[in-house]
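Report on one structure; see the data block that follows.
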Amino acid sequence: MRTVYLITFFLAVLLIAAFGFRGTIFTRPPIDVFPAWAFPGMQHQAKYKAQTASPFFADGRADRPLPVGVVPADYGPLAQPLHADPHLYDGKNPDASFARGFPSSLVIDEKFMERGRQRYTIYCSPCHGGLGDGKGIVSKYGMGPANFHEERFHKMAEGEIFNTITHGKLNTTMPSYADKLVPADRWAVIAYVRALERARVGTAADVPPEHRQELGLK
Ligand code: HEC
């Protein structure tokens, strides 16, 4: 019997909590669980706001200048001294035209291709498709991502693709990946896109001699 009373009681509390007093307008402030007199540090924490004064520092300013010798680590124009290689960081030649081929500082090996395959699968395949043919899942919902097997992409300089990955393509749903792929990863993705293209147009004659036997070729 006691259980029945208890359950009824809790149900009543639950119902009132969920539906009771709805729409009631309160004129007094709500109960303060952490009143300032009991928890002085909670509501008024000691801090400096931007561009205010501080008696603590000799120059009287709360904002502190950067220590001497700080090097910006972002990818903005200020970071240019760190980004001395325009091919690697912008996909461009010194004369600002799009560079062909891959930056000389990168080693294009199996590990690099595998990295490119992973990044491509994560970031590009939903739109451009696992085969690079533009038939990713979004194409079923009316979006038209580029098909990398079109001739114009075979001819496109690697640097131009790099530029698209970095900045996205204007007025399309092609976004910028500058915040998700560091420059070396963007190049790895391009290497993988090149491999996808090659895989479609390649013939048995392209297989190097040392792999011919394992593929059953003469
Ligand atoms: C949200 C979908 C989406 C994702 C994700 C996406 N793209 Fe795109 N991409 C597009 C669309 C849409 C276009 C524009 C097609 C057009 O111009 O007709 C495009 C165009 C391109 C182009 C061609 C630009 C040109 O010069 O015409 C390249 C290269 C490209 N994407 C590479 C990539 C790579 C590499 C990734 C992964 C890092 C990627 N895209 C991820 C949607 C996407």
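The values are calculated or read from the model by the stated rules, or taken from the named source; none is laboratory data. Computed from a predicted model, the values in this text were never measured in an experiment. With ideal geometry, Cβ positions are generated from the backbone for all residues, glycine too; neighbour counts draw on all protein chains shown.
Values computed for the structure shown
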{"quantity": "Pairs with Cβ under 9 Å, 6+ apart, first in segment 197-213 and hydrophobic (A, V, I, L, M, F, W, C) and at pLDDT below 85, second in a helix (DSSP H, G or I) and exposed (fewer than 10 other Cβ atoms within 10 Å of the Cβ)", "calculated": "none"}
{"quantity": "Residue within segment 180-194 that is modelled with pLDDT of 95 or more and over 20 Å from the mean Cα position of the chain (by Cα) present", "calculated": "yes"}
{"quantity": "Test: residue in segment 142-165 that is modelled with pLDDT under 95 and at positive phi", "calculated": "yes"}
{"quantity": "Residue match in segment 117-126 (condition: over 12 Å from VAL193 (Cα atoms), within 11 Å of the ligand (Cβ to nearest atom) and touching a residue at least 12 places away in the same chain (Cβ under 8 Å))", "calculated": "yes"}
{"quantity": "Residue ID - nearest to SER176 (Cα to Cα), chosen from residues in segment 81-113 that are within 16 Å of the ligand (Cβ to nearest atom) and in a helix (DSSP H, G or I)", "calculated": "ASP90"}
{"quantity": "Residue in segment 135-183 that is farthest from SER97 (Cα to Cα), counting only those that are part of a helix (DSSP H, G or I) and near the ligand (Cβ under 7 Å from one of its atoms)", "calculated": "VAL138"}
{"quantity": "All positions within segment 114-134 that are in a helix (DSSP H, G or I) and either touching a helix residue (DSSP H, G or I) at 6+ places or on another chain (Cβ under 6 Å) or polar (S, T, N, Q) (or both)", "calculated": "ARG115, GLY116, ARG117, GLN118, ARG119, TYR120, THR121, SER125, PRO126, CYS127"}
{"quantity": "Search result, residues across segment 184-214 that are within 13 Å of the ligand (Cβ to nearest atom) and acidic (Asp, Glu)", "calculated": "ASP185, GLU197"}
